[in-house]
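Step one of this worksheet: look at the structure below.
Throughout, read-outs are computed from the coordinates displayed, never taken from laboratory work. Predicted model, so just to flag it, every value in this text is computed and none were measured. Cβ sites come from the backbone with ideal geometry, for glycine too, and all protein chains shown count toward neighbours.
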Amino acid sequence: MVVEARHLAKRYSNGVWGVRDVNFLAEKSRITVLLGPNGAGKTTTVGLLSTLLRPTKGNAIIEGYLTVDNVWKVRNLIALCPQDIRVDSNWTPWDAVKGYLLIRGFSGVESMEKSEKYLKLLDLWNIRKTPAIALSGGQRKRIAVAMVLASDAPVVFLDEPSSGLDVEARYIVWKSLREEAKRGKTIILTTHDMKEAEILGDYVVMIGKGKTVAQGTPEELKQQIPYTHKIVIKNARKLPVKEHIDLGDRKIIYASEREEAIELAEKIEAKSIGIEEVTLEDTYLYIVGGVANGKN
Amino acid sequence: MGKIRGVAYLTSRWIRRQPLWLVQDLFIVMGFAILMFVWGGINGLKNVLVAWFISGAWGMGVNLVAQSIGWDKQGKTMDMFIASPVQPFHYIFGYFISSLVFMVADFIYMLPLIIVLNAWAIVIASLLAIAPLLIISNLVGLSIVMRIKKPTNISAITNPIQMMLIILPPVFYPASVIPRTARYFVLLIPTAAGAEIARQLSGLSAWHNLWYPIMVLLIWVVVGIIASSHVVRWGME
């Protein structure tokens, strides 16, 4: 175990609870995804673990150190890419990564070598001398990711690192994160993108309304619901069951096994019918609520 | 030293990419020198030298460092620094070093005047006076920026403070022109006390009471340390 959140709770000075009871373990060499809707408490959780915030209750533990008692030991072990990070518009990718590494105590030569490696990894090498003001939002975000990955910190926090990125940039970031996890880093990232959590996460922690609602590998989580398949129906004229998720002209019916799904599909009259395996998104909707609450 | 160097490296990038800020300073130095010479002759020029050292030191903390840190807060790069081995000392000192370029530039602009007037005594006296003033201005700037709710408002707060404490009190003019009783109140302002120390040490002041402005600045240093230690938080909020 490398990072542990134990009954973490944070109440801000205005009386609002950021999180109420978050629990999980994040192990070495894997990507742990904190998954939840906006306002669920993901950023607060990262703030608590990365020493930005002091827990009101519970413990944040990094490599066996309680953050509140060993703040400088912990800070030597972590790196954070905050949500909505905006690197200084005067920094070039080269400046940003090199400067951040100098700040973390690397020598000039080491910082230059590592800057080159990580700027190439994040596909920023060709624009290394361009000030950030002339770069896209996605390129700026990748600069921040390159900074923290280059740091050699064994524990890396990334708060929504791929939000606002185009598909290509997102895959570049995902690939770099997978490689770093393989090298032994503990990576904790937040997202509200189910697909990102499913593709990237070795372990997924679902957070809803400030509490951990479920956790496990994506496969384990998918087994936590009593369905294996779903029928996606477009322009239904007749449905064989009452219980379905209503998305306007599209409806979704869940089935506990493939045979049941086929059997149900034969009774449906609609413009088009598709049978798919359940995804992490279905699990999330089932466990956290959301659309599932709108079941007819 | 490496961490301070790193902060100085990153925080000096904007000066390197926008050197016209340094050119702006050149015109301000020249403009005020002409203004003071026209109205006050050689004595006016000597007084403007003192004023430039004081305003440079005060502006560095209250304006330059505070605003730069405000932008770090706004852009969340400060959160990256907090969640790293960087300590507040590295961070502040790194900013201080990168901001020194403005004071060095101003000194270079003033150099012809210093040489022509043979004003090295004023330079030494001013350097002695700005030492505590640099500490005070950085502590005040830090205290403001670290507690401000909206970092984007930082310029709107620090610019008026900077101007108010440089233009109004006796910085560009000697405190001795103010009636004696009022002088004691006016010299409670740190910039005025700093300027008075420099003027008395270099023989530019008609008043001889060095201990009063020294005591004022020492009290400001102590108050600044106490205030900033209460309001400045480096994470764990």
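Charge tally around B:TYR91: other residues with Cβ under 14 Å, Lys/Arg +1 each, Asp/Glu -1 each, net +4. For GluC sites (Glu not before Pro), the sites in region A:214-296 that DSSP calls loop and that have at most 13 other Cβ atoms within 10 Å are A:GLU243, A:GLU257. Using DSSP, restrict attention to beta bridges with both residues in region A:3-217 and report what percent are antiparallel, rounded to the nearest 5. The answer is about 50 percent antiparallel. For a quick check of your reading of the filter: which trypsin sites (Lys or Arg not before Pro) in region A:146-231 sit in a DSSP loop and have no more than 12 other Cβ atoms within 10 Å? Passing both the DSSP loop test and the Cβ count: A:ARG183. Against chain B, whose longest principal axis comes from its Cα atoms, helix B:154-167 is set at around 10 degrees. Helix content alone sets the calculated 222 nm mean residue ellipticity of chain B: runs of n ≥ 4 DSSP H residues at -39500 (n - 2.57) each, divided across all residues, give -26000 deg cm²/dmol.
The relative contact order of region A:177-228 comes to 21 percent, based on Cα pairs under 8 Å that sit 6 or more residues apart. The alpha carbon gyration tensor of region A:79-136 gives principal lengths a ≥ b ≥ c with a/c of 1.5 or higher and a/b no greater than b/c, which makes the shape oblate. The relative contact order of chain A, computed from alpha carbon pairs under 8 Å that lie at least 6 residues apart in sequence, is 20 percent.
Of all DSSP beta bridges located in the protein assembly as shown, what percent are antiparallel, nearest 5? Percentage antiparallel, nearest 5: 65. Here is how the number arises for chain A: DSSP H runs of 4 or more residues each give -39500 (n - 2.57), the sum is divided by the residue count, and the result at 222 nm is -10000 deg cm²/dmol. Between the helical axis of A:108-121 and the longest alpha-carbon principal axis of chain A there is an angle of about 20 degrees. Could you tell me which of the pairs A:LYS182/A:LYS230; A:LYS98/A:LYS211; A:LYS117/A:LYS141; A:LYS185/B:LYS3 are separated by over 27 angstrom between their Cα atoms in the structure shown? Over 27 Å Cα-Cα: A:LYS182/A:LYS230; A:LYS98/A:LYS211. Loop-resident trypsin sites (Lys or Arg not before Pro) (DSSP state other than H, G, I, E or B) in region B:136-234 with no more than 15 further Cβ atoms inside 10 Å of their Cβ: B:LYS149, B:ARG233.
Per residue, the average separation of C-alpha pairs within less than 8 Å and at least 6 apart gives region A:179-296 a relative contact order of 27 percent. Among residues other than B:SER126 with Cβ under 13 Å from its Cβ, the summed charge is 0 (Lys and Arg +1, Asp and Glu -1). Compared with the dominant principal axis of the Cα atoms in chain A, helix A:137-150 is inclined by about 60°. Taking the Cβ of B:SER176 as the center, what net charge do the other residues with Cβ under 11 Å away carry, scoring Lys and Arg +1 and Asp and Glu -1? Charge balance near B:SER176 sits at +2.
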